[in-house]
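Asker: Below is the structure I would like to discuss, written out as C-alpha cells.
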Amino acid sequence: MKKLLLLFILVSVFVSAQQQDEVTLRQLANKYTTLLNAEGKEEELFKMFYGPVQVNGVFTARSFAKRTDRVAEASQIHTEDYKTFITGFKKYRSQNKTDNVQVITDGEIASVTSDYSCFYKDVMEHWGKEILTFVKINNDWKISSVTFSMELAHHFKQPSLQERTKK
C-alpha cells in the first residue's frame, strides 16, 4: 500500500510540473508574438532566444507554384538568423496574430505550435503554421528554433478557426 501511495504522489508531482510547464510555455509563446508586434521591444525579444537560432519560413507547394509563376528562380524556403528576421519584421511593421495553440513538452524540450496570420498595413499577406521549439536551460525556457509554413493569402483564403480545429 505504501508503494502504491508513493507511486501516486510521484505521478501527481510529475503531472503537476508538466501542467505548469504548459502554462509557462503558452505564456512565453504569447509574449513572443506580443513583443514581435510591439515597437521598440527588440532587445527584450532577443533575450527569449538561446544560441544562434535560425528562422525558417517554407512556402506551401501551391503557394510556391504561384510564386514561381512570377519569379522563376524564387526559393521555396526563406532562412535567416533570428535577429535579422525580427529586425525585418519590425521594419515593415508587420503584425502576427495566432490562435489554435498546442503545447508538447517532456519538461526539458517543448514545441508550441499555432496557426498564425501575418498582416502588412492591415491586409493579410500570408498564413500558416508556426512552430516555436523551446529548450529548458537552468530552469529557464528559451526559444531554440522558429519554423513556419507560408500560404499566400491573396491566392488562398485562410480557413476559419472552426474549420482548422475540426477533428
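Asker: If you take every DSSP beta bridge fully contained in segment 14-164, what fraction is antiparallel? Give it as a percent rounded to 5. Intermediate values should be presented prior to the final figure.
Answerer: Numbers: 36 of 42 bridges.
Antiparallel: roughly 85 percent of the beta bridges in segment 14-164.
Asker: While we're here: Taking H placed 1.01 Å from N in the peptide plane, check which residues at least 5 places from V53 or on another chain put their amide H under 5 Å from its amide H.
Answerer: The list, which skips near neighbours in sequence, is Y82.
Asker: Now a separate question. Which GluC sites (Glu not before Pro) in segment 97-132 sit in a loop by DSSP (not H, G, I, E or B) and have at most 16 other Cβ atoms within 10 Å of their own Cβ?
Answerer: Here the GluC sites (Glu not before Pro) that fit, given the DSSP loop and packing criteria, are E108.
Asker: Hey, got a sec? Which trypsin sites (Lys or Arg not before Pro) in segment 24-74 land in a DSSP loop and have at most 16 other Cβ atoms within 10 Å?
Answerer: Values: sites: R26, K31, K41, K47, R62, K66, R67, R70; in loops: K41, K47.
Sparse-neighbourhood loop trypsin sites (Lys or Arg not before Pro): K41, K47.
Asker: Please work out which option in (1) 1.05; (2) 1.22; (3) 2.20 gives Cα Rg over 2.2 N^0.38 Å calculated from these coordinates, and answer with its label.
Answerer: Of the labelled values, this structure produces (2).
Asker: Say the cut-off is 20 Å between C-alpha atoms; which of K90/K121; K97/K121; K41/K97; K31/K97; K142/K166 go over it? Please report the intermediate quantities before stating the final value.
Answerer: Values: K90/K121 12 Å; K97/K121 13 Å; K41/K97 17 Å; K31/K97 12 Å; K142/K166 31 Å.
Long pairs (Cα-Cα over 20 Å): K142/K166.
Asker: Looking at segment 21-59, which GluC sites (Glu not before Pro) are in a loop (DSSP not H, G, I, E or B) and have at most 16 other Cβ atoms within 10 Å?
Answerer: Values: sites: E22, E39, E42, E43, E44; in loops: E39.
Passing both the DSSP loop test and the Cβ count: E39.
Asker: Suppose a student asked you for the relative contact order of the chain, using Cα pairs under 8 Å spaced at least 6 residues apart; what percent would you report? Intermediate results must be reported in sequence, preceding the final value.
Answerer: On the way: 251 pairs, mean separation 37.2, N = 167.
Across the chain, relative contact order equals 22 percent.
Laboratory data are not the source of any read-out in this text; all were calculated from the coordinates shown. Keep in mind that what you see is a predicted model, and the values were worked out from it rather than measured. Don't worry about glycine lacking a Cβ; one is built from the backbone with ideal geometry, like all the others, and counts go over all protein chains shown.
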